[in-house]
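The values are calculated or read from the model by the stated rules, or taken from the named source; none is laboratory data. Since this is a predicted model, take the numbers as computed values, not measurements. When we count neighbours, we look across all protein chains shown, and the Cβ atoms used for this are built from the backbone with ideal geometry, even at glycine. For accessibility, only protein heavy atoms count, side chains too; no ligands or nucleic acids. Shrake-Rupley method; radii C 1.70, N 1.55, O 1.52, S 1.80 Å.
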Amino acid sequence: MKRLQSLVLLLTCCSCYLFSQRSDVSLAAYRKDDGTFMQPEYRKPTNNSMLLNYTAHGSYNPYTGVPDWTDAYQKVWSDYRKDLPAFYKMQYSALYNSLLRKDSINYFNVVKTFEDSYKLFFTGLFKYNANDIEGAYATFSELNNLKHKDNFLSKEIAFWLDVTSRYIAATAEFTDLYSAIEKYENEQNYSAASNKIDSVKNPLNLYNKYLLKYNLELRQYHYPQAIATLDSLKKYSPDPDTKDLIVGNYKNLVEVLSFKQNYLQVMTNGYYYYPVSSLYNNIVHYFESKKMPVDTLQKAGFALQMEKCTNTDSVFTRNLADTAADNIAKINEVLNFNRRIYDPALMDTMLILTLSFKEKNTYDFYQNYLSANFPDTHPLAKTLTYKFENCEGKEYMIYRYIVAGLLFNHLSSTYQLYFYCIGKKGKLQNLAPFFE
């Protein structure tokens, strides 16, 4: 039983990798509401439950199927102080405190003066409280066979026999589930694993069911389904999880998974470039609203890198390697929004958006698009932005007030697509004469 309980606790505490063989909890990196970036970490699992495997899972009432409590020390405190025969009622405080602390010495000093059937009954409660479910079931079964006429014992023995039998049945179902999932994972048969998880019916296993399902969806990069499974986990989560771990980080995990889904869509659709129209619309939005166009950038798979930002420079990155076999984060694109103020009195400001990338096919796409749509060009030497060295490329006139530049930097072996505009007194300046 102890070995089984270890397996149950192990699987209960794994959070981000399906079939993990460690008891630590893995949490993905995320950003808090105040902008603080939390690095990915492993932490020891928290557990303040009586039973390592089941009473933490929403504390299930086996009679009604509704999450409730079945803790032995809670029934001693709430029910037994009014329902016990008078002699035993006087002992409830000592019984409660000993059960709560799992103090066997004081507990059995209290019950040793009890009549044999009550001594056996409370022995069963202590075994249950110590996670010896099979031992508790055997004790309550033995007591049930005595055919006593005590109304209190008759009612309570029936209750605890049902509780322990349900826990044992749930343990058998979970053991079978764990073995099957391990087998299917080795075979990479995720369809069979999903069907096995969906077949779990015992309410005591529902938290583990949705925890496994959540990890299986992550394993297959099914991020919307993983978010939906998080909602089910919230319903059956134990208090430690609600405060910490997965459900405790629900909002942040949904944000991370949404980003991952954006990355996946970008990769699946082959969008290794960011649409030019969106780029210059974003720079206009940035100029007019004085805010980053975060929503559109998030949909394109960009994430704001707070640790790289300054008061005048905002940095976004996009990861297109989310489904790589080694799952190593690789930043393929970096998008900078930079604001330069030349004359505060005149409100003379230049805004520059720079997209850096390393793919030659992306460069070819941008070059073909710009050449086909914007015929007015001039060399990099005429730019108003940077003094480029060891670079080749040209600038394109975008409408009347936005300029686009495309270049290859020989020193860094990277490509850049940049846009800039100049605003005076809150209005964009016409840059067309700059190309004459």
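Put simply, of LEU297, LEU335, LEU279, LEU370 the only residue that is assigned to a helix (DSSP H, G or I), under 30 Å from ALA226 (Cα atoms) and of a type in the set (A, V, I, L, M, F, W, C) is LEU297.
Of all the numbered requirements in (1) buried (at least 19 other Cβ atoms within 10 Å of the Cβ); (2) touching a Ser or Thr at 6+ places or on another chain (Cβ under 9 Å); (3) without any contact (Cβ under 8 Å) to a residue 60 or more places away in the chain, THR268 misses one, and that requirement is (1).
Before we move on, is ALA180 of a type outside the set (Phe, Trp, Tyr), surrounded by 14 or more Cβ atoms within 10 Å (Cβ to Cβ) and in contact with a Lys or Arg (Cβ under 7 Å, 6 or more places away or on another chain)?
yes
For segment 111-144, the set of residues classified as open to solvent by 30 Å² or more (accessible area, probe 1.4 Å), among the hydrophobic types (A, V, I, L, M, F, W, C) and under 20 Å from ARG166 (Cα atoms) consists of ALA130, ALA138, listed by residue number. Within segment 340-353, residues that are outside any strand (DSSP E or B) have Cβ atoms under 7 Å from residues that are open to solvent by 20 Å² or more (accessible area, probe 1.4 Å) in these pairs: LEU346/LYS424; LEU346/LYS425; MET347/LYS424; MET347/LYS425; MET347/GLY426, counting only partners at least 6 apart in sequence or on another chain. Among the residues of segment 388-399, those identified as more than 18 Å from TYR369 (Cα to Cα) and in contact with a helix residue (DSSP H, G or I) (Cβ under 9 Å, 6 or more places away or on another chain) are PHE388, CYS391.
Taking the conditions (1) farther than 30 Å from TYR80 by Cα; (2) surrounded by 13 or more Cβ atoms within 10 Å (Cβ to Cβ); (3) touching a Phe, Trp or Tyr at 6+ places or on another chain (Cβ under 9 Å); (4) of a type outside the set (Val, Ile, Thr) in turn, PRO203 satisfies each one other than (1). Here PRO433 meets each of (1) under 27 Å from ARG318 (Cα atoms); (2) open to solvent by less than 80 Å² (accessible area, probe 1.4 Å); (3) in a helix (DSSP H, G or I) with one exception, condition (1).
Within segment 305-323, the set of residues being open to solvent by 20 Å² or more (accessible area, probe 1.4 Å), in contact (Cβ under 8 Å) with a residue 60 or more places away in the chain and not β-branched (Val, Ile, Thr) comprises MET306, GLU307.
Within segment 382-416, being more than 18 Å from PHE435 (Cβ to Cβ) and either of a type in the set (Lys, Arg) or outside any loop (DSSP other than H, G, I, E, B) (or both) holds for LYS387, CYS391, GLU392, PHE408, ASN409, THR414, TYR415, GLN416.
When residues of segment 198-231 are filtered for being assigned to a loop (DSSP other than H, G, I, E, B) and polar (S, T, N, Q), how many remain?
Filtering segment 198-231 down to residues assigned to a loop (DSSP other than H, G, I, E, B) leaves 199-202, 220-222.
Cutting the leftovers down to polar (S, T, N, Q) gives us 199, 202, 220.
Number of matching residues: 3.
Here ARG318 meets the list (1) within 24 Å of THR362 (Cα to Cα); (2) over 26 Å from the mean Cα position of the chain (by Cα) almost entirely, failing just condition (2).
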